[in-house]
Amino acid sequence: YTETAPVDGESYYCEVKNFCGTVQSKVASLTVRNEVAFTDQPINITIIDGDDAEFTVSVTGFEPIMYQWQEDSGTGFTNILDGGNYSGATSATLNIADVNMPFNGNRFQCLINNVCNNATSNIATLTVNPLIKIFTQPTNLQACLDDAIDFEITGTSAGLDYVWEYNDGRGTW
């Protein structure tokens, strides 16, 4: 007998008949296990260099559900292991601590499976913006009237806009 529309919790038995009589099998119950599916996908994240990042998925399906986060840093997706910057590599939430610039542009996805099937999440991208710091502060200068002067600073990366302001001595910047 093949059930084409299984219903969780239903019971089945079989009667066998011939000219001598009828016998009945034991009752067997049916447990329907649901496939895994994503209800919430991971989303793209933008953080500042040195911050922590967190990717999360929500799923439904028959338990236990197994999780495996993967990362693509430019050479294809590979499984992430807990340790170093990573924790939660086999859970619904992947945590990446103290993210730095080499993580910029890396892509992440989550694989899930149970006894019924497996599924792969959408891909989420991690964008890491450089932390703006001044490494070399300007120093006080002395100059004669009509001398040219140069104040200098050194910032964290190229592509920064520098706007110098001055106090005119009357408290106005």
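The values are calculated or read from the model by the stated rules, or taken from the named source; none is laboratory data. Note that the structure is predicted; figures quoted are calculated from it, not measured. Don't worry about glycine lacking a Cβ; one is built from the backbone with ideal geometry, like all the others, and counts go over all protein chains shown. Just so you know, the surface numbers come from the protein's heavy atoms only, side chains and all, with ligands and any DNA or RNA stripped out. Shrake-Rupley method; radii C 1.70, N 1.55, O 1.52, S 1.80 Å.
Would you mind stating whether Thr154 is farther than 30 Å from Gln68 by Cβ, polar (S, T, N, Q), free of Cβ contacts under 8 Å to residues at least 24 places away in the same chain and out of contact with any Ser or Thr (no Cβ under 7 Å at 6 or more places or on another chain)?
no
Name every residue in the range 98-107 that is in a loop (DSSP other than H, G, I, E, B), surrounded by 13 or more Cβ atoms within 10 Å (Cβ to Cβ) and at pLDDT 95 or above, in order of residue number.
If the condition is that a residue be in a loop (DSSP other than H, G, I, E, B), surrounded by 13 or more Cβ atoms within 10 Å (Cβ to Cβ) and at pLDDT 95 or above, then Val99, Asn104, Gly105, Asn106 are the ones that fit.
Could you list, ordered by first residue, the pairs with Cβ atoms under 7 Å in which the first is in the range 44-69 and within 19 Å of Asp8 (Cβ to Cβ) and small (Gly, Ala, Ser) and the second is open to solvent by less than 30 Å² (accessible area, probe 1.4 Å) and at pLDDT 95 or above, at least 6 apart or interchain?
So the pair list comes out as Gly61/Val36; Gly61/Asn114.
Conditions (1) within 11 Å of the chain's Cα centre (by Cα); (2) closer than 26 Å to Arg33 by Cα; (3) free of Cβ contacts under 8 Å to residues at least 40 places away in the same chain, marked per residue:
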site: Thr75; (1), (2), (3): no, no, yes
site: Gly84; (1), (2), (3): no, no, yes
site: Thr90; (1), (2), (3): no, yes, yes
site: Thr93; (1), (2), (3): yes, yes, yes
site: Gln109; (1), (2), (3): yes, yes, no
site: Asn118; (1), (2), (3): no, yes, no
